[in-house]
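Participant: Quick one: the structure is below, questions incoming.
The values are calculated or read from the model by the stated rules, or taken from the named source; none is laboratory data. Here the structure is a predicted model, which means the values were calculated and not measured. FYI the Cβ positions are ideal-geometry reconstructions off the backbone, even for glycines, and counts take in every protein chain you see.
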């Protein structure tokens with residue numbers, strides 16, 4: 001099994017990395033979708049404040065790795081990418097489950113670029129102002145996303161064109177695939 005775990009601040013380009021992995025045959029599980037689906041099942045509103053508050057309350061009630069635990073139940077394919085880990089506790093839970101067959105990739109983009117991307121994306125939970133954007137960043141950093149980012153096996157920087165980032169993502173995925181084949185004696 002090959003699992004790639006992706007961490008990055010909102011708007012960093014995780015979705016473009018996900019698209020690159022999908023083109024290589026990876027199935028994708030978005031931790032944010034796991035949260036949103038559970039919130040919807042419970043009849044909660046879909047705005048950022050409600051979803052973020054719900055995610056936080058679940059962490060308090062069930063432990064900091066609850067969303068990793070709920071995500072693990074959805075991993076069924078040999079090649080899986082899990083998008084959106086938010087804390088070192090989640091990373092550690094995934095490492096327990098997948099060991100050496102997991103790669104943690106951090107996607108970085110500058111704040112200005114991230115805000116611009118989120119402003120244009122159009123999801124209901126995207127920030128509507130710079131203040132909302134910074135409040136979201138503060139919340140995510142409070143969950144420990146910085147520590148998860150710092151523990152990444154690889155960092156990919158998304159600070160130029162979308163085409164350039166896609167090329168970087170493809171090269172990183174090719175390298176991981178080659179390393180996995182080499183470790184499994186298939187090279």
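Participant: Among (1) in contact (Cβ under 8 Å) with a residue 60 or more places away in the chain; (2) more than 19 Å from residue 152 (Cα to Cα), there is one condition residue 12 misses while meeting the rest; what is its number?
Facilitator: For residue 12, the exception is condition (2).
Participant: Residue pairs, Cβ under 9 Å, 6 or more apart or interchain, first in the range 167-183 and within 14 Å of residue 100 (Cα to Cα), second modelled with pLDDT of 85 or more and in a helix (DSSP H, G or I). List them.
Facilitator: From residues that are within 14 Å of residue 100 (Cα to Cα), the pairs are 180/101; 183/100; 183/101.
Participant: Can you tell me which of 95, 114 is within 17 Å of the chain's Cα centre (by Cα), surrounded by 14 or more Cβ atoms within 10 Å (Cβ to Cβ), in contact (Cβ under 8 Å) with a residue 24 or more places away in the chain and in a helix (DSSP H, G or I)? Show your work before the answer.
Facilitator: Numbers: 95 fails: in contact (Cβ under 8 Å) with a residue 24 or more places away in the chain.
Only one candidate qualifies: 114.
Participant: Still on this model: Restricting attention to the range 162-187, and to residues there that are surrounded by fewer than 14 Cβ atoms within 10 Å (Cβ to Cβ) and in contact with a helix residue (DSSP H, G or I) (Cβ under 8 Å, 6 or more places away or on another chain), which single residue is modelled with the lowest pLDDT?
Facilitator: Residues of the range 162-187 surrounded by fewer than 14 Cβ atoms within 10 Å (Cβ to Cβ): 162-164, 167, 171, 174-175, 178-179, 181-187.
Those still in the list that are in contact with a helix residue (DSSP H, G or I) (Cβ under 8 Å, 6 or more places away or on another chain) too: 162, 183, 187.
Working: 162: 90, 183: 72, 187: 43.
Filtering the range 162-187 for residues that are surrounded by fewer than 14 Cβ atoms within 10 Å (Cβ to Cβ) and in contact with a helix residue (DSSP H, G or I) (Cβ under 8 Å, 6 or more places away or on another chain), the one modelled with the lowest pLDDT comes out as 187.
Participant: Being loosely packed, with under 14 Cβ neighbours inside 10 Å and at pLDDT 90 or above is the filter; apply it to the range 130-160 and report the residue that is farthest from residue 35 (Cα to Cα).
Facilitator: Start the filter on the range 130-160 by keeping residues that are loosely packed, with under 14 Cβ neighbours inside 10 Å, which leaves 130-131, 134, 138, 142, 150, 153-154, 159-160.
Still in the list and also at pLDDT 90 or above: 130-131, 134, 138, 150, 153-154, 159.
Values: 130: 24, 131: 23, 134: 21, 138: 19, 150: 23, 153: 25, 154: 26, 159: 28 Å.
Per the criteria, the residue is 159.
Participant: Let me ask you something else. Check the range 74-91 and report whether any residue there is touching a helix residue (DSSP H, G or I) at 6+ places or on another chain (Cβ under 9 Å), surrounded by fewer than 18 Cβ atoms within 10 Å (Cβ to Cβ), part of a helix (DSSP H, G or I) and touching a residue at least 12 places away in the same chain (Cβ under 8 Å).
Facilitator: No.
Participant: Kindly provide the set of residues from the range 9-31 that are more than 17 Å from the chain's Cα centre (by Cα) and in a helix (DSSP H, G or I), ordered by number. Let's see the steps before the verdict.
Facilitator: Just the residues of the range 9-31 that are more than 17 Å from the chain's Cα centre (by Cα), to begin with: 23-25.
Listed by number, the list holds a single entry, 23.
Participant: List, please: which pairs have Cβ atoms under 6 Å, are six or more places apart or on different chains, and start with a residue in the range 55-67 that is more than 13 Å from residue 31 (Cα to Cα) and end with one that is surrounded by 13 or more Cβ atoms within 10 Å (Cβ to Cβ)?
Facilitator: Once the first residue is more than 13 Å from residue 31 (Cα to Cα) and sits in the range 55-67, its partners that are surrounded by 13 or more Cβ atoms within 10 Å (Cβ to Cβ) give 58/66; 59/66; 64/87; 64/89.
Participant: Could we say that residue 34 is surrounded by 14 or more Cβ atoms within 10 Å (Cβ to Cβ), out of contact with any strand residue (DSSP E or B) (no Cβ under 8 Å at 6 or more places or on another chain) and assigned to a helix (DSSP H, G or I) here? Step through it out loud before you land on a result.
Facilitator: On the way: surrounded by 14 or more Cβ atoms within 10 Å (Cβ to Cβ): yes; out of contact with any strand residue (DSSP E or B) (no Cβ under 8 Å at 6 or more places or on another chain): yes; assigned to a helix (DSSP H, G or I): yes.
Judged against the criteria, residue 34 is a match.
Participant: Return the residue satisfying two criteria in turn: it lies in the range 37-48 and is touching a helix residue (DSSP H, G or I) at 6+ places or on another chain (Cβ under 9 Å) and either without any contact (Cβ under 8 Å) to a residue 24 or more places away in the chain or part of a strand (DSSP E or B) (or both), and of such residues it is nearest to residue 153 (Cα to Cα).
Facilitator: Looking only at the range 37-48, we keep the residues that are touching a helix residue (DSSP H, G or I) at 6+ places or on another chain (Cβ under 9 Å), and these are 38-39, 42, 44-46, 48.
From the residues that got through so far, the ones that are either without any contact (Cβ under 8 Å) to a residue 24 or more places away in the chain or part of a strand (DSSP E or B) (or both) too are 39, 42, 44-45.
Numbers: 39: 31, 42: 36, 44: 36, 45: 36 Å.
Checking each candidate, the answer is 39.
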